[in-house]
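Worksheet: one structure, shown below.
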Amino acid sequence: QVQLVESGGGLVQPGGSLRLSCAASGSILRVYAMGWYRQAPGKQHDLVATISRGGLTSYTDSVKGRFTISRDNAKNTVYLQMNSLKPEDTAVYYCHAQVELPSTFRTDGYWGQGTQVTVSS
């Protein structure tokens, strides 16, 4: 069983910063790509940023220059540093990870439970 546990969401004023964390735990052989997605009320589930096991990153255009994704492979943890936050960044943020299982050597995708980020004055 694999679990992804997120933390770090909350309420912040426009222009402020937050740092999200997501730790993968359980029966894990290796964690490959990790990423952050978000879903605002009434909108679709959108990709925010991804990072490969080797550290290659990609971002959706709306967060480039403001958000930074990073990871600690030893801790199976991914981070999202969010700076210069805007009201339109308000959403539930979900982490995702591609995890190889030791029992089957299969790689499957797993989701966190989501953490609310609200940007408002």
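The values are calculated or read from the model by the stated rules, or taken from the named source; none is laboratory data. Since this is a predicted model, take the numbers as computed values, not measurements. For neighbour counting, all protein chains shown are included, and Cβ atoms are generated from backbone atoms with ideal geometry for every residue, glycine included. What goes into the accessible areas is simple: the full protein's heavy atoms, side chains included, and nothing from ligands, DNA or RNA. Shrake-Rupley method; radii C 1.70, N 1.55, O 1.52, S 1.80 Å.
Once all protein chains are placed together, residue 69 keeps about 10 Å² accessible to a 1.4 angstrom probe. Dipole size of the chain about its Cα centre, with +1 on Lys/Arg Cβ and -1 on Asp/Glu Cβ: approximately 180 debye, rounded to the nearest 20. With kT/(6 pi eta Rh) evaluated at 10 °C and eta = 1.306 mPa s, and Rh the Kirkwood radius from Cα pairs, the chain diffuses with a coefficient of 110 µm²/s according to Stokes-Einstein.
Taking a Cβ cut-off of under 14 Å around residue 83, the surrounding Lys, Arg, Asp and Glu residues balance to a net charge of +3, with basic ones at +1 and acidic ones at -1. Ligands, DNA and RNA excluded, the heavy atoms of residue 47 present near 80 Å² of accessible surface to a 1.4 Å solvent probe.
Under the criterion of Cα pairs below 8 Å and six or more residues apart, the relative contact order for segment 68-118 equals 31 percent.
Taking the 1.4 Å solvent-accessible surface of the chain as the whole, the part contributed by carbon and sulfur is 48%. Connecting C-alpha atoms closer than 10 Å in a GNM of the chain, tell me which of 97, 40, 74 has the biggest fluctuation. Ranking 97, 40, 74 by mean-square fluctuation puts 74 first.
When the Cα atoms of segment 30-85 are aligned to their principal axes, the ranges along those axes come out at 36, 22, 16 Å in descending order.
Counting only Cβ charges, +1 for Lys and Arg and -1 for Asp and Glu, the dipole size of segment 57-121 around its Cα centre is about 120 debye. Only Cα pairs under 8 Å and 6+ residues apart enter the sum, and on that basis the relative contact order of the chain stands at 36 percent. Relative contact order for segment 1-59: 25 percent, from Cα pairs under 8 Å spaced at least 6 residues apart, divided by residue count. Within the listed set 87, 102, 14, the Gaussian network model of the chain (springs between alpha-carbon atoms below 10 Å) gives the highest mean-square fluctuation for 102.
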